[in-house]
Amino acid sequence: MRYLSTRGHADRKRFCEILLEGLAPDGGLYLPEAYPQISAAELTRLRQIHNTQGYAALAFEVLSLYIDDIPANDLRALCDKTYTEAIFGTREIVPLKVLQTKGVPGARIYLEALSNGPTLAFKDMAMQLLGNLFEYELTRRNAELNIFGATSGDTGSAAEYAMRGKKGVRVFMTSPEGRMSPFQQAQMFSLLDANIHNIAIQGVFDDCQDIVKAVSNDLAFKHKYKIGTVNSINWARLLAQVVYYFAGYFQATQSDTQKVSFSVPSGNFGNVCAGHVARMMGLPIEHLIVATNENDVLDEFFRTGVYRVRGSADTHETSSPSMDISKASNFERFVFDLLNRDSARVKHLFHDQLNQTGQFDLGHDPLFAQAKTKFGFLSGKSTHADRLHTIQTIYADNHIMVDTHTADGLKVAVPLAKPNVPMLVLETALPIKFAATLVEALGCEPDRPAKFEGIEALPKRVLVMPKSVDAVKAYIAQHCD
Ligand SMILES: *Cc1c(COP(=O)(O)O)cnc(C)c1O
């Protein structure tokens, strides 16, 4: 298996070469040259493996189709080490729950739990594997990597919990001082591992991102201090997420001819793009539903064909903050497939047109209609009022509390559900992470998993810094020897 860039660069790379990289050299995103196809017999075999040997064994099978530069026994060991009940809380890893909803009669709606990992958000599903892959590959190369990033919450904590104590890796994570929820701050800042560095910047999230960009643009610094990232465009993260579409399918169906749909609370289009990959491989998915919050860049595209990135001034701060995006960084991967993999055209749209005008319009292109007909995409948006209402009705009908992001997925999914096609809504976080909105909706605090009892009172390790590129660089340099 070789990987290419969506913008047409001539290189063809193997999995471990792109594992530690971000964007391709031409600014494009990496994708496999072709999606491996799952025949009916193969799907039956994968179901058998999932049902008898469990999630880790399924993960090994799916990953093996894309990774041919790690020996099979090593890859299997990495999957076995990652997807355990001890880390993800249940033997199924991504268990389904049936929901009672007053929606379309006869429609069956499930929640697929992706958020029982160490930081209680779905990002652990991929990041935990990434931590083990990084450690494996860095050891093999006798190399080191310093991960430098900006977070407004879920990504930073998932990265830190995945990389803590790992050989060859340090994490330097900036976040806007005082802006994350108290629970999120406690989660991150209570990590005392020597290789984890929390930097609270006196500013907003955009200031943190600007610092990360400035450091990444200083190629000499980046090279000298072996700076890397773990953002959602990393192919290995996306690939790890493909597995739970298969696991959800096998749990919701009995036979391999049945179809299911998925509703995915979306921000950077990483999660639902993994669903797209699973569908391209032949997993019987009817619809992939892109659910957005008030930041509806993606819903607008799937309704009209117009992709219009927002400035920071028109990006709303919402009660599902992990979906507050101004542009969807993985979206280029889907557009590449939609345009029949025409990389010259992708480059023109994403490099020239977006940079010059901040938008492009595929609404008049006959290929646009295929987003729905051939690729199965539907979309919808949800607002704060919808979120509160959904949290209330799900609680009233099921005695289950859902988090604000998952509520967006449910709000959009329920009216689109059909009899005979199970609808799987991906649960992307647990409600305790966003307790304030749960209290607003239900008047009570959400349950807290036992391992997080009292974390707000734990000692914190965080350095507060002004929004200064030089100060941050000096700190990194000082801690990299
Ligand atoms: C990151 C995140 C999302 C958005 O996922 P994308 O892959 O960026 O589309 C949704 N919900 C939660 C809780 C998240 O942490």
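The values are calculated or read from the model by the stated rules, or taken from the named source; none is laboratory data. Note that the structure is predicted; figures quoted are calculated from it, not measured. Cβ coordinates were reconstructed from backbone atoms using ideal geometry, including for glycine residues, and neighbour counts include every protein chain displayed.
Descriptive notes on the structure:
- Segment 395-426, residues that are more than 16 Å from the ligand (Cβ to nearest atom) and either assigned to a helix (DSSP H, G or I) or of a type in the set (Gly, Ala, Ser) (or both): Tyr395, Ala396, Asp397, Asn398, Val414, Pro415, Leu416, Ala417
- Only one of the listed residues (Phe172, Phe88) is over 19 Å from the mean Cα position of the chain (by Cα), modelled with pLDDT of 95 or more and surrounded by 20 or more Cβ atoms within 10 Å (Cβ to Cβ). That residue is Phe172.
- Hits in segment 349-373 - residues which are touching a residue at least 60 places away in the same chain (Cβ under 8 Å) and surrounded by fewer than 16 Cβ atoms within 10 Å (Cβ to Cβ): His351, Asp365, Lys372
- Residue in segment 244-265 that is within 12 Å of the ligand (Cβ to nearest atom) and either touching a Ser or Thr at 6+ places or on another chain (Cβ under 7 Å) or over 19 Å from Thr406 (Cβ atoms) (or both) present: yes
- Pair list, Cβ under 7 Å, 6 or more apart: segment 66-85 residue small (Gly, Ala, Ser), other residue surrounded by fewer than 20 Cβ atoms within 10 Å (Cβ to Cβ): Ala72/Ser64
- The helices (runs of 4 or more DSSP H) found entirely in segment 50-125 include none that carry 1 or more residues being among the aromatic types (Phe, Trp, Tyr), farther than 30 Å from Val412 by Cβ and within 16 Å of the ligand (Cβ to nearest atom).
- Qualifying positions in segment 407-421 - among the small types (Gly, Ala, Ser), in contact with a Gly (Cβ under 9 Å, 6 or more places away or on another chain) and crowded, with 24+ Cβ neighbours inside 10 Å: Ala413
- If only residues of segment 202-239 that are β-branched (Val, Ile, Thr) and assigned to a loop (DSSP other than H, G, I, E, B) are counted, the one that is nearest to the ligand (Cβ to nearest atom) is Ile233.
- When Val346 is tested against (1) among the β-branched types (Val, Ile, Thr); (2) crowded, with 17+ Cβ neighbours inside 10 Å; (3) in contact with a strand residue (DSSP E or B) (Cβ under 8 Å, 6 or more places away or on another chain), only condition (3) is not met.
- Members of segment 240-286 that are assigned to a helix (DSSP H, G or I), in contact (Cβ under 8 Å) with a residue 60 or more places away in the chain and of a type in the set (Gly, Ala, Ser): Ala240, Ala247, Gly248, Ala252, Gly270
- Condition met for Glu135 (surrounded by fewer than 24 Cβ atoms within 10 Å (Cβ to Cβ), without any contact (Cβ under 8 Å) to a residue 40 or more places away in the chain and more than 15 Å from the chain's Cα centre (by Cα)): yes
- When Glu427 is tested against (1) within 24 Å of Thr155 (Cβ to Cβ); (2) free of Cβ contacts under 8 Å to residues at least 40 places away in the same chain, exactly one condition is not met: (2).
- Residue within segment 287-295 that is at pLDDT 95 or above, assigned to a helix (DSSP H, G or I), among the β-branched types (Val, Ile, Thr) and buried (at least 24 other Cβ atoms within 10 Å of the Cβ) present: no
- Restricting attention to segment 12-26, the residues that are farther than 17 Å from Phe334 by Cβ and part of a loop (DSSP other than H, G, I, E, B) total 7.
- For Ala328, the conditions (1) within 11 Å of the ligand (Cβ to nearest atom); (2) modelled with pLDDT under 95; (3) closer than 21 Å to Val402 by Cβ are fulfilled apart from (3).
- Cβ pairs under 6 Å, 6+ apart, first in segment 140-157 and touching a residue at least 24 places away in the same chain (Cβ under 8 Å) and outside any helix (DSSP H, G or I), second more than 10 Å from the ligand (Cβ to nearest atom) and among the basic types (Lys, Arg): Glu144/Lys226; Leu145/Lys226; Asn146/Arg170; Asn146/Lys226
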